[in-house]
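Every read-out reported here was derived from the displayed coordinates using simple, explicitly stated rules and does not represent laboratory data. Quick caveat: nothing in here was measured; it's all calculated off a predicted structure. With ideal geometry, Cβ positions are generated from the backbone for all residues, glycine too; neighbour counts draw on all protein chains shown.
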Amino acid sequence: MNQDKTFLGTEPIGLLLRRLAIPTVAAQIVNMLYNIVDRVYIGHMPGDGDLALTGLGVCMPVILIVSAFAALVASGSAPRASIAMGQGDHDKAEKILGGSFTLQILLSLALTAVLLLWGDDLLLAFGASGNTIGYALDYLGVYAIGTLFVQLTLGMNAFITAQGFAQIGMRTVLIGAVANILLDPLFIFALGMGVRGAALATVLSQALSCAWVLRFLTGEKTLLRLKRETLRLQPRLILPCVALGLSAFVMQASESVISVCFNTSLLKYGDDIAVGAMTILSSVMQFAMLPLQGIAQGAQPILSFNYGARNSARVRETFRLLLKTCLIYSVTLWAVIQLFPRLFVGLFNTAMVSYAATPLRVYCAALFLFGIQLACQMTFVSIGYAVCSIIVAVLRKFVLLIPCIYLLPHFFADQTMAVFLAEPVADAIAVTSTAILFAFQFKKAMRKLDEQGPKA
């Protein structure tokens, strides 16, 4: 078993990153299909596809909140488990896994109750209008029932990747995404279920993925096994994990808050079509961000293991390669979106192409910088710098973007376009600030490792 896990500290960095990142990127792209395929099918529903798409867009803040709670546990616990493995403390790593599983079940039950009891109030507050609330309720009413599957799939799959089993992690989302792609047209069109059918397809697909994850983590091939005796919540182990995961939680939860701010502002200065356009723009941004997150997540086990083993040279080498890879991707995709915005909009709804093409260019104007943001953010998380991760997450969204959403329309004649402009303005400032903070903190962390020397 020791030989199986120490490859993270011995194999060439470039080979390791390809080995772990490629399946993880593929997994993220496939995972992205869960929601994006729903939007594509719903956007092309005959007659009312544009309103149905807008209704689904209003549900996105709720879906992001559910994902954020999964990230709260997984994004802190998986790196902590990797660090424990790097330190040779296998028992501690398994206790982190078991405690995280229990915590996610408790969070899932609480979230399900909230969505079923107050879902309509949430949707109205999140930008639903009289024309779109019906579609939003149809989707959320079904989606809420499957919250447990979503939580466990997203949360527990992180522990598979953290062990270095990136291909197994990819299969998790592949199973669900393929099922969703097949079930969506069956439920939406063939059975005439419309928006409810899209939600049901998503829930059933996540259930299949959840079953796959649990089967692996309780099987013989996993290094960290989910056992009954490790399911007890131990505050001394779980609370540091939650603290580390707060940055990922804030980032994803902030996406929910930001989505609400965008929806309500666009409804004020525009109309339902502006909110519908925002659904498309956020979908394209998701398409851009998830592969970046996959690259970063592929690097996480390497960074965490070698940081735990106090091998500063491999940590530095991994970060440099991660930054280079993320930048190449973000610059390339930014260029494609700027050149062909109508192509991306048309994937979701042909009626909105003329309206949404220019806003898409504006909204994604700073996308080329995101390679820096994601590389720094994941490295902070991987080496256990929870406070820095939280600072970066809070700065980008709460300190910068929200004020921009509400302030910029007062300075431009086209107030709707000013709302879209808030994203690149805030992102450019945030990435610059992140890079400066990282330069100081990473140098400090590596100097500390150099003083301690490699772990015997």
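Under 9 Å from the Cβ of residue 430, count the other residues' Cβ atoms, weight Lys and Arg +1, Asp and Glu -1, and hand me the total. Before the final figure, lay out the partial values.
Numbers: positive: 396, 397; negative: 427.
Net of charged neighbours comes to +1.
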Check: segment 16-449 dipole with +1 on Lys, Arg Cβ and -1 on Asp, Glu Cβ, in debye: 2100
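Looking at segment 99-143, which chymotrypsin sites (Phe, Trp or Tyr not before Pro) are in a loop (DSSP not H, G, I, E or B) and have at most 12 other Cβ atoms within 10 Å?
Details: sites: 101, 118, 126, 135, 139, 143; in loops: 126.
Listed in order of number, the matching sites amount to none.
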Sort 293-304, 429-440, 344-355 by packing, meaning the average of other beta carbons within 10 Å per residue, with the highest value first. 293-304, 344-355, 429-440
Segment 144-253: relative contact order in percent, alpha carbon pairs under 8 Å with at least 6 residues between: 28
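From the helices alone, meaning DSSP H stretches of at least four residues, give me the mean residue ellipticity at 222 nm for the chain, per-run term -39500 (n - 2.57), in deg cm²/dmol to the nearest 500.
On the way: 17 runs with 364 residues, N = 456.
Calculated mean residue ellipticity at 222 nm is -27500 deg cm²/dmol.
Any of 324/448; 95/221; 95/227; 92/448 with alpha carbons more than 20 Å apart? Name them for me.
Beyond 20 Å between Cα atoms: 324/448; 92/448.
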Evaluate E = 1/(1 + (r/R0)^6) for residue 336 and residue 227, where r is the Cβ-Cβ distance and R0 equals 30 Å; express this FRET efficiency to the nearest 0.05. 0.05
Could you pull out every one of the lysines with an alpha carbon less than 17 Å from that of residue 397, ignoring same-chain neighbours closer than 8 positions? none
Tell me, 154, 117 in order of fewest to most beta-carbon neighbours within 10 Å? 117, 154
Normalised by the number of residues in the chain, what is the relative contact order in percent for Cα pairs under 8 Å and 6+ residues apart? 24
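Take the alpha carbon gyration tensor of segment 144-206, find the square roots of its eigenvalues, order them as a ≥ b ≥ c, and report rounded if a/c is under 1.5; if not, report prolate when a/b exceeds b/c, else oblate. If you can, show how the numbers build up before the last one.
Values: a/c = 5.89, a/b = 2.09, b/c = 2.82.
Because a/c hits 1.5 or more and a/b fails to exceed b/c, segment 144-206 counts as oblate.
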Find how many whole Å separate the alpha carbon centroid of segment 205-237 from the alpha carbon centroid of segment 81-139. 17
What aspartates and glutamates sit close enough to residue 443 to cross-link, taking a C-alpha to C-alpha distance under 16 Å and skipping anything fewer than 8 places away on the same chain? 317, 451
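Jot down the per residue volume, in cubic angstrom and as a whole number, of the convex hull over the alpha-carbon atoms of segment 154-298. Walk me through the intermediate numbers first.
Working: hull volume 22.1 nm³, N = 145.
In segment 154-298, the Cα hull volume divided by residue count equals 152 Å³.
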